[in-house]
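Have a look at the structure below, then the notes.
The values are calculated or read from the model by the stated rules, or taken from the named source; none is laboratory data. Please read these numbers as outputs of a predicted model, since none were measured by experiment. As a convention, Cβ positions derive from the backbone with ideal geometry for all residues, glycine included, and neighbour counts pool all protein chains shown.
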Amino acid sequence: MSNKNTISYRRVGDYNIPNLTLPPEEANIALGKWGMLYKDYLLKNKKVFFTTLLTQGKLYQHCAEVEKQAKDMYDTLIKQMKATEGLTEESKEHDQSEWLQIMSNIEQRVSEIVCTELIYV
């Protein structure tokens, strides 16, 4: 009678190393900017949580969920700040240089907010 929970070993020098495999993750989950930032943060600052997700096969799925939340938050905040600061297509046509400066400033502030609220927590 074979037991499913038995572990096989391989000999490496004087040591017996268990033949362990990680559970398969969902295939082809591609992470973008926010997902990669979050994954890197977990690796460097939340090592136990990172390892737990990795060994359960849920790391990339979790990072993809955080990325979706971050993208949604980023897009929403960009729209809100553009409206608050009166940034329109007409203002872009009127003074493109000023519009670009204001837009860059908005994008920087929104990126900081997203990182503070979702990524580095």
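Listed by first and then second residue, the pairs with beta-carbon distance under 8 Å, at least 6 apart or on different chains, first residue in region 99-119 and farther than 17 Å from residue 79 by Cβ, second assigned to a helix (DSSP H, G or I) and aliphatic (A, V, I, L, M), are 115/37; 118/66; 118/70; 118/73; 119/37; 119/66; 119/70. Evaluate region 75-96: report whether one residue or more is over 30 Å from residue 20 (Cα atoms), under 14 Å from the mean Cα position of the chain (by Cα) and surrounded by fewer than 14 Cβ atoms within 10 Å (Cβ to Cβ). Checked against the condition, which is being over 30 Å from residue 20 (Cα atoms), under 14 Å from the mean Cα position of the chain (by Cα) and surrounded by fewer than 14 Cβ atoms within 10 Å (Cβ to Cβ), region 75-96 yields no hits at all.
The single condition from (1) within 26 Å of residue 31 (Cα to Cα); (2) among the small types (Gly, Ala, Ser); (3) in contact with a helix residue (DSSP H, G or I) (Cβ under 8 Å, 6 or more places away or on another chain) that residue 91 fails is (1).
Looking at 76, 21, 6, 51, just one residue is modelled with pLDDT under 95 and in a helix (DSSP H, G or I), and that residue is 51. If the condition is being surrounded by 16 or more Cβ atoms within 10 Å (Cβ to Cβ) and either outside any helix (DSSP H, G or I) or over 18 Å from the mean Cα position of the chain (by Cα) (or both), then region 97-121 contributes 99, 102, 103, 106.
Please go through region 50-63 and give me each residue that is over 14 Å from the mean Cα position of the chain (by Cα) and over 18 Å from residue 28 (Cβ atoms), ordered by number. Matches in region 50-63: 51, 52, 55, 56. Flag not set for residue 43, criterion: of a type outside the set (Ser, Thr, Tyr), buried (at least 16 other Cβ atoms within 10 Å of the Cβ) and within 18 Å of the chain's Cα centre (by Cα).
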